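Presented below is the structure to which this report refers.
The values are calculated or read from the model by the stated rules, or taken from the named source; none is laboratory data. These numbers come from a predicted model, not from an experiment. When we count neighbours, we look across all protein chains shown, and the Cβ atoms used for this are built from the backbone with ideal geometry, even at glycine. The area values use the complete protein model at the heavy-atom level, side chains included, leaving out ligands, DNA and RNA. Shrake-Rupley method; radii C 1.70, N 1.55, O 1.52, S 1.80 Å.
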Amino acid sequence: MTITQDGVVEPQPPYDVFARDCPSRTTLEHVMGRWGGLTLSALHEGSFRFNELRRRVDGVSEKMLSQTLQALERDGLVHREAQPTNPPRVDYELTPLGRGVAEHLLAVVHFVEGRMDEVLAARERYDETRGAR
């Protein structure tokens with residue numbers, strides 16, 4: 001329990017990402033990792049087949065995308081639907097939980113994209129003072 005400044009007692013959240021053994025830490029790694037965040041953001045646009053998604057998330061290897069999708073599916077963020085056709089057709093889409101996560105991620109993505117001029121200027125200042133690496 002936590003007591004606020006005005007004396008209100010608030011229960012501790014059941015999960016604490018800062019705790020070493022908290023299961024939320026693993027999910028956060030899946031969501032915030034390089035490929036997880038990009039995959040969730042891409043799937044916010046709609047359903048994709050594997051190779052379509054791989055093209056959309058430029059630079060991800062087949063192996064990494066497969067591992068990322070499996071982790072996100074296990075966490076309940078992505079739904080995988082296999083059609084019994086020849087050749088097999090597999091579609092990926094966000095679950096309602098995944099859509100909520102992706103919306104929060106996209107807010108960060110759009111913020112960063114909108115402030116890239118500032119980021120690039122900061123990098124340039126840093127490199128000038130510390131020597132380009």
Scanning the range 71-87 residue by residue, those open to solvent by less than 100 Å² (accessible area, probe 1.4 Å) and more than 18 Å from V31 (Cα to Cα) turn out to be E81, A82, Q83, T85, P87
Would you mention how many residues in the range 1-27 are loosely packed, with under 10 Cβ neighbours inside 10 Å and in contact with a Lys or Arg (Cβ under 9 Å, 6 or more places away or on another chain)? 1
In the range 28-57, the residues that are open to solvent by less than 80 Å² (accessible area, probe 1.4 Å), in contact with a Leu (Cβ under 8 Å, 6 or more places away or on another chain) and in a helix (DSSP H, G or I): H30, V31, W35, G36, G37, T39, L40, S41, A42, L43, F50, L53
Taking V90, is it over 20 Å from the mean Cα position of the chain (by Cα), under 30 Å from P23 (Cα atoms) and surrounded by 11 or more Cβ atoms within 10 Å (Cβ to Cβ)? yes
Residue by residue through the range 36-78, note down the ones that are over 17 Å from L105 (Cβ atoms), touching a residue at least 12 places away in the same chain (Cβ under 8 Å) and among the basic types (K, R). R49
Report yes if T68 is polar (S, T, N, Q) and surrounded by 10 or more Cβ atoms within 10 Å (Cβ to Cβ), otherwise no. yes
Hits in the range 88-108 (condition: in contact with a Ser or Thr (Cβ under 6 Å, 6 or more places away or on another chain) and more than 12 Å from E45 (Cβ to Cβ)): D91, L105
